[in-house]
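Okay, structure first, notes after.
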Amino acid sequence: MKLQRFALAAAAVGLISAAAVPATAATPSRPHSWADKAAQVAKPKTMAAAAEACVTTVVSPTAAGGVDAVDVTASRPVTSDPYEQIKFVGVRTSATWYAAANATGSQFYFYGLFLQGGNLYRHTTYLSNTKPPVATYKRIGSGWTSFKTIATSNYSVGTPRHAYLYGLNTNGSLYRYSMVGTGFKSLGPIPGFKGFKTMTVLSETATYDTLLMTTNAGALWTAHIPVAAGAKPVMKLIRSSGWSQYESLVVYTCGTRGGSLVVGVDHNTKTADLYGMSKANGSKTAFLNYGRIPGTFNGVSDVSMTSHYEQLVGE
């Protein structure tokens, strides 16, 4: 009976079909190596069966110069499957890790952006089935000391395509940069974000991006940001409290109706919680609390592992 109620609650937030009953013990088979994971997610995604439990991967760069990662399965109880730590550099905050492959499909790698001190870097982390991952780094620019956190969007499954870097600044503004090739074009500040604490991308479409954001006081908001230059964001309050403990948010699309898995990571206690969230609609947004994720989260920021083929559709 409890399992039935859980299945109906999951259906309510758009994660599974109403008839489906999620697994309670067994977890879906998945790779235990970074190379296998990249090969899996770098290919076009096939929609999972309605009754299949969703899996999100949380990547956690540390201040000491390592990167942890764990697969988290949306089941009762929540299960986690860690990967071996990658040797990296110490970071202050990071953005999404994207899986990709070379033209022949013979070399898989991850790439993404991170801040170290006041500098912005791009990493490319090469993967092999016979040796540990090898991370390389390229400095993009300076002047990032006042940025608290960054996030990237990447709409590439339709047209017009776009790729943006968002930076939340201590001056109370959100900055957006267009990624053109290996460079960045500033699109200027968006005021009105004083008191906001952390953010991640929730949706990426041809006409807008949506950020999921928290405030220092613990409120949870969406910021619907049109692609059109000069357009103002549309802010919607989802919850007025209850999110102050989290320094990182990680989002992954789950189900066929716009639902999302949301991982909230508390850096003070090194713990994380898993939630199911319906397609965002202000205060009408529904949540399902899956509970505490097993394991210790040692990262200074926690981000999603994804690819160009896995677009976020949470709003």
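Take Ser153 and decide whether it is part of a loop (DSSP other than H, G, I, E, B) and closer than 25 Å to Gln40 by Cα. Answer is no for this residue.
None of Thr145, Thr124 is of a type in the set (S, T, N, Q), assigned to a strand (DSSP E or B) and surrounded by fewer than 18 Cβ atoms within 10 Å (Cβ to Cβ) except Thr124.
Can you tell me which of Pro191, Pro160, Pro132 is out of contact with any Pro (no Cβ under 7 Å at 6 or more places or on another chain), open to solvent by 90 Å² or more (accessible area, probe 1.4 Å) and within 17 Å of Ile225 (Cβ to Cβ)?
Of the residues listed, the single one that is out of contact with any Pro (no Cβ under 7 Å at 6 or more places or on another chain), open to solvent by 90 Å² or more (accessible area, probe 1.4 Å) and within 17 Å of Ile225 (Cβ to Cβ) is Pro191.
The residues listed here are Asn268, Asn216, Asn281; of these, the one that is modelled with pLDDT of 95 or more and out of contact with any strand residue (DSSP E or B) (no Cβ under 9 Å at 6 or more places or on another chain) is Asn268.
Checking the structure you have, find out if any residue of the range 297-305 is in contact (Cβ under 8 Å) with a residue 40 or more places away in the chain and open to solvent by 30 Å² or more (accessible area, probe 1.4 Å). Within the range 297-305, one or more residues are in contact (Cβ under 8 Å) with a residue 40 or more places away in the chain and open to solvent by 30 Å² or more (accessible area, probe 1.4 Å). Kindly check whether there is at least one residue in the range 260-268 that is assigned to a strand (DSSP E or B), over 21 Å from Ser60 (Cβ atoms) and either open to solvent by less than 20 Å² (accessible area, probe 1.4 Å) or in contact with a Phe, Trp or Tyr (Cβ under 8 Å, 6 or more places away or on another chain) (or both). No, the conditions are met nowhere in the range 260-268. Selection of the range 270-296 for residues being in a loop (DSSP other than H, G, I, E, B) and free of Cβ contacts under 8 Å to residues at least 24 places away in the same chain yields only Lys284. A count restricted to the range 53-69 and to residues that are under 16 Å from the mean Cα position of the chain (by Cα), open to solvent by 10 Å² or more (accessible area, probe 1.4 Å) and among the hydrophobic types (A, V, I, L, M, F, W, C) stands at 2. Taking the conditions exactly as written (at pLDDT below 95 and open to solvent by 20 Å² or more (accessible area, probe 1.4 Å)), does Ala50 satisfy them or not? In short, yes.
The values are calculated or read from the model by the stated rules, or taken from the named source; none is laboratory data. The structure displayed is predicted, hence computed values, not measured ones. Please note: Cβ atoms are built from the backbone with ideal geometry, for glycine as well, and neighbour counts cover all protein chains shown. Ligands, DNA and RNA are excluded from the accessible area calculation, which covers all protein heavy atoms including side chains. Shrake-Rupley method; radii C 1.70, N 1.55, O 1.52, S 1.80 Å.
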